[in-house]
Amino acid sequence: MKHGKHILLGISGSVAAYKACELVRLLSKQGHQVQVVMTASAARFVGVQTLQALSGRPVLTDAALQEGDGMAHIRAVRAADLMLVAPASANTIAKIANGLADNLLTEMAAARSCPLVLAPAMNVEMWNNPANRLNIARLQEFGVQLMGPDEGEQACGETGEGRMLEAAEIAEWLPDLWSAKPLAGKNVLITAGACYEAIDPVRGLTNRSSGRMGVALARACRAAGARVSLVHAGMQVPVPAGLAHVEAVENAQQMYDAVFRRLHGQDVFISVAAVTDYKPAQTAEHKLKKDAGAVPPAIELAENPDILQAVAKRPNSQVFCVGFAAESENLLENARAKREKKGVPLMVANLVSDALGKDSSKIVLLDNEKEAEILESSKEQAARAIVARLATLLMQRPRHAAAAADKDEGKNQDQADQDTPAETEEMPAQTD
């Protein structure tokens with residue numbers, strides 16, 4: 001990041017307020033100037049002196065309204081590039097949603113001219129309370145953005161949605177707010193990770209994919225303004241926050257089914273997952289034992305469904321497909337053949353020795369217009385290059401053709417909802 005931002009960090013009364021300390025540290029480390037404002041309730045959970053030491057600035061509290069000319073809070077909110085409330089309690093959310101300004105934090109929220117982002121933190125039942133959901137919907141209509149909440153164990157001992165995101169997740173997500181949005185309004189479905197095909201209850205067929213590129217693409221698409229859904233198999237890296245939908249699967253058939261459940265309404269499908277081409281024709285019910293001198297059991301293989309090809313060749317579909325060709329030799333020759341066979345407009349090619357299981361990647365982008373080599377770089381940089389090319393290709397698509405195909409696809413979906421045909425590779429049944 002070349003230039004840090006002025007961030008006004010509001011902390012409301014929640015046990016999650018302790019996470020604000022780490023958040024201030026991380027934001028300051030990124031080069032941002034952080035001005036903390038706290039409610040009286042927040043001060044019962046975390047010390048003012050701690051936040052002052054971490055931010056390097058006096059913490060603003062309700063007392064600021066009586067100090068000097070009483071306008072310190074206005075000057076602070078005018079200097080801010082962003083106001084972030086983390087944690088945002090149900091009480092503070094309700095006040096902001098309804099224009100109440102009965103403490104310094106809510107007054108600054110009402111007087112701001114900068115964007116506002118909330119990181120909710122509350123009990124699962126409070127989060128699901130209809131009044132709270134109405135407040136959230138109202139804020140989103142006003143252009144307020146939400147980070148989270150997450151699901152998990154809560155301080156009250158219950159488990160569910162309402163948990164505040166971790167400080168590292170928020171700090172990692174914030175730069176997206178200032179990036180260009182070439183995929184704004186687009187729905188993107190991504191597969192990632194390594195599929196696993198069981199031989200018996202213990203053993204199976206899999207590969208060395210870590211899921212890093214899929215995660216990097218999910219982040220890059222999210223940063224570009226897309227609504228991202230992720231279907232993943234085995235992952236060695238955490239799934240990023242802020243995705244529209246996340247579903248974990250194990251094998252290729254489960255991934256195939258999950259993709260087609262989510263496919264309706266998607267604009268882009270990015271097939272990054274390392275899907276096993278073959279699976280055991282039969283999975284042993286019990287562990288296969290090794291007997292001394294016995295002939296090893298023969299494992300007959302059956303072909304798995306080709307997810308990318310099935311999506312790309314759906315009749316009347318305008319889902320823009322991006323495929324990956326991980327090759328051990330003859331990279332460009334094999335990638336060109338794969339792109340033509342599967343009928344995808346953009347193929348990302350790489351040698352397995354350059355990418356599989358690694359933090360970096362060296363890729364070649366192949367489409368109808370050109371073949372562009374991206375020199376070895378981090379997978380995050382490679383993902384941004386892929387998304388940039390994807391956005392360009394989407395802009396070049398004939399709008400009238402896309403609209404007509406979308407209309408036809410909608411008709412097909414309506415018919416699919418009325419009928420219950422058998423699921424096939426060419427036209428799988430959809431449930432969304």
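The values are calculated or read from the model by the stated rules, or taken from the named source; none is laboratory data. Bear in mind the structure is a predicted one, so any value in this text is a computation, not a measurement. Cβ coordinates were reconstructed from backbone atoms using ideal geometry, including for glycine residues, and neighbour counts include every protein chain displayed. These accessible areas exclude ligands, DNA and RNA; they are computed on the full protein's heavy atoms, side chains included. Shrake-Rupley method; radii C 1.70, N 1.55, O 1.52, S 1.80 Å.
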Of the listed residues (Gln318, Gln309), the one being touching a residue at least 24 places away in the same chain (Cβ under 8 Å) and surrounded by fewer than 18 Cβ atoms within 10 Å (Cβ to Cβ) is Gln318
Name every residue in the range 154-193 that is hydrophobic (A, V, I, L, M, F, W, C) and open to solvent by 10 Å² or more (accessible area, probe 1.4 Å), in order of residue number.
Ala155, Cys156, Ala168, Trp173, Leu177, Trp178, Ala180, Ala184
Return the residue satisfying two criteria in turn: it lies in the range 31-50 and is in contact (Cβ under 8 Å) with a residue 24 or more places away in the chain and over 18 Å from Ala72 (Cα atoms), and of such residues it is most open to solvent (accessible area, probe 1.4 Å).
Arg44
Would you point out which residue out of Ala233, Ala252 is of a type in the set (Gly, Ala, Ser), crowded, with 20+ Cβ neighbours inside 10 Å and touching a Gly at 6+ places or on another chain (Cβ under 6 Å)?
Ala233
When you go through (1) basic (Lys, Arg); (2) more than 24 Å from the chain's Cα centre (by Cα); (3) crowded, with 20+ Cβ neighbours inside 10 Å one by one for Lys379, which number turns out not to apply?
(2)
Do the conditions hold for Ala94, that is, is it in a helix (DSSP H, G or I), surrounded by fewer than 14 Cβ atoms within 10 Å (Cβ to Cβ) and among the aliphatic types (A, V, I, L, M)?
no
Within the range 236-249, restricting to residues that are in a loop (DSSP other than H, G, I, E, B) and farther than 25 Å from Leu394 by Cα, the one that is most open to solvent (accessible area, probe 1.4 Å) is Gln236
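Among the listed residues Pro149, Pro201, which satisfies the condition of being open to solvent by 10 Å² or more (accessible area, probe 1.4 Å), at pLDDT below 95 and under 25 Å from Asn251 (Cβ atoms)?
Details: Pro149 fails: under 25 Å from Asn251 (Cβ atoms).
Sole residue among the options that is open to solvent by 10 Å² or more (accessible area, probe 1.4 Å), at pLDDT below 95 and under 25 Å from Asn251 (Cβ atoms): Pro201.
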Mind listing just one residue for me: the one in the range 51-68 that is buried (at least 17 other Cβ atoms within 10 Å of the Cβ) and not aliphatic (A, V, I, L, M) and, of those, farthest from Leu8 (Cα to Cα)?
Asp62
Hey, does the range 145-165 have a residue that's of a type in the set (Asp, Glu) and out of contact with any strand residue (DSSP E or B) (no Cβ under 6 Å at 6 or more places or on another chain)?
yes
Any chance the range 257-274 includes a residue that's assigned to a strand (DSSP E or B) and over 22 Å from Gln318 (Cβ atoms)?
yes
